[in-house]
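A.B. asks: Sharing a structure below in structure tokens format, with a few things to ask.
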């Protein structure tokens, strides 16, 4: 008889020996800023996957690969050993329900605790609803000492606005703080309408400086430039359509 699928299932590919690793989360969200940033770090540092997380609170679907083979949707854990050991988390989706968000955040923190994580960075987008040419990185943290330290790296704390952080990026900090973990959320400004590699580049750049990581940002630069070309092309088409409509309206004045 086939084994029943568990509400949350963890499959370990290996259990690496890590020293005080820092957890970095970048799951899908606003502009996919966090996901793009973490995937870039994984690629640049050649981080190695060590675990997969499956959940019944992910969308009820499978992913079809380029070869036509399907797989279940999942979150993935990678590790990097260096001057600072890292655990990097990304994936296909976040949980669909509030209940699932809490369950998954607690499970992720269980894994982090087992590896001795004391510091968490969550990455995401800060939606402004308008196009952002030069995105800033905004932040929130679990204590004022981290706030003051991150300000030295140019991170903006919008103290007069307040607000909230929805999903894994917020819950991992809040629930982690209740377990005695410290952490910060780095959010790149973005329109929120499209996948934003330009904002992801700024987040990855700031985080790499904070952690002393030496990585290239060229691939994100290329993606950002490609997005700029596409955006400009769309704007050009829109301008042409507006001019055409204006011309047609003016022509109608001479009829009848």
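The values are calculated or read from the model by the stated rules, or taken from the named source; none is laboratory data. All values reported here derive from a predicted model rather than from experimental measurement. Because the Cβ atoms are built from the backbone with ideal geometry, glycine has one as well, and the counts that use them run over all protein chains shown.
A.B. asks: Looking only at region 186-206, count how many residues are under 10 Å from residue 155 (Cβ atoms) and surrounded by fewer than 23 Cβ atoms within 10 Å (Cβ to Cβ).
C.D. replies: Residues meeting the conditions: 1.
A.B. asks: Could you list all residues from region 97-116 that are surrounded by fewer than 24 Cβ atoms within 10 Å (Cβ to Cβ), touching a strand residue (DSSP E or B) at 6+ places or on another chain (Cβ under 9 Å) and closer than 29 Å to residue 136 by Cα?
C.D. replies: 109
A.B. asks: For region 150-168, what are the residues that are surrounded by fewer than 14 Cβ atoms within 10 Å (Cβ to Cβ) and assigned to a helix (DSSP H, G or I)?
C.D. replies: Within region 150-168, 151 is the sole residue that qualifies.
A.B. asks: Out of everything in region 59-76 that is touching a residue at least 24 places away in the same chain (Cβ under 8 Å) and either farther than 14 Å from residue 94 by Cα or in contact with a strand residue (DSSP E or B) (Cβ under 8 Å, 6 or more places away or on another chain) (or both), what residue ends up being surrounded by the most Cβ atoms within 10 Å (Cβ to Cβ)? Working first, answer last.
C.D. replies: Taking region 59-76 first, the residues touching a residue at least 24 places away in the same chain (Cβ under 8 Å) are 59, 63, 75-76.
From what is left, the residues that are either farther than 14 Å from residue 94 by Cα or in contact with a strand residue (DSSP E or B) (Cβ under 8 Å, 6 or more places away or on another chain) (or both) are 63, 75-76.
Values: 63: 12, 75: 25, 76: 17.
Ranking the qualifying residues of region 59-76, first place goes to 75.
A.B. asks: Any idea which residue in region 169-200 is farthest from residue 42 (Cα to Cα), counting only those that are part of a helix (DSSP H, G or I) and in contact with a helix residue (DSSP H, G or I) (Cβ under 6 Å, 6 or more places away or on another chain)? Break it down into steps so the answer makes sense when it comes.
C.D. replies: Keep residues of region 169-200 that are part of a helix (DSSP H, G or I), which gives 169-178, 197-200.
Those still in the list that are in contact with a helix residue (DSSP H, G or I) (Cβ under 6 Å, 6 or more places away or on another chain) too: 171-172, 175-176, 197-200.
Working: 171: 23, 172: 20, 175: 25, 176: 23, 197: 15, 198: 18, 199: 17, 200: 14 Å.
Of everything passing the filter in region 169-200, 175 is farthest from residue 42 (Cα to Cα).
A.B. asks: So which of 96, 89, 104 is closer than 20 Å to residue 35 by Cα and either in a helix (DSSP H, G or I) or not assigned by TED's automatic domain parsing to the domain that holds residue 186 (or both)? Give the steps one after another, and end with the answer.
C.D. replies: Values: 96 fails: either in a helix (DSSP H, G or I) or not assigned by TED's automatic domain parsing to the domain that holds residue 186 (or both); 89 fails: either in a helix (DSSP H, G or I) or not assigned by TED's automatic domain parsing to the domain that holds residue 186 (or both).
Criteria check complete, one pass: 104.
A.B. asks: Buried (at least 18 other Cβ atoms within 10 Å of the Cβ) and in contact (Cβ under 8 Å) with a residue 60 or more places away in the chain: does that describe residue 128?
C.D. replies: On the way: buried (at least 18 other Cβ atoms within 10 Å of the Cβ): no; in contact (Cβ under 8 Å) with a residue 60 or more places away in the chain: yes.
No.
A.B. asks: Would you tally the residues in region 77-93 being buried (at least 17 other Cβ atoms within 10 Å of the Cβ) and closer than 25 Å to residue 116 by Cβ? If you could, list the steps in order and put the result at the bottom.
C.D. replies: Start the filter on region 77-93 by keeping residues that are buried (at least 17 other Cβ atoms within 10 Å of the Cβ), which leaves 77-80, 85-92.
Of the ones still in play, those that are also closer than 25 Å to residue 116 by Cβ are 77-80, 85-91.
Here the count works out to 11.
A.B. asks: Mind counting the residues in region 45-86 that are part of a strand (DSSP E or B) and within 22 Å of residue 122 (Cα to Cα)?
C.D. replies: Kept after step one, since they are part of a strand (DSSP E or B), are these residues of region 45-86: 48-55, 62-64, 70-72, 75-80, 86.
Still in the list and also within 22 Å of residue 122 (Cα to Cα): 48-55, 75-80, 86.
Summing the residues that are part of a strand (DSSP E or B) and within 22 Å of residue 122 (Cα to Cα) in region 45-86 gives 15.
A.B. asks: Separate question: So residue 138 fits all but one of (1) modelled with pLDDT under 95; (2) farther than 17 Å from residue 213 by Cβ; what number is the exception?
C.D. replies: Residue 138 satisfies every listed condition except (1).
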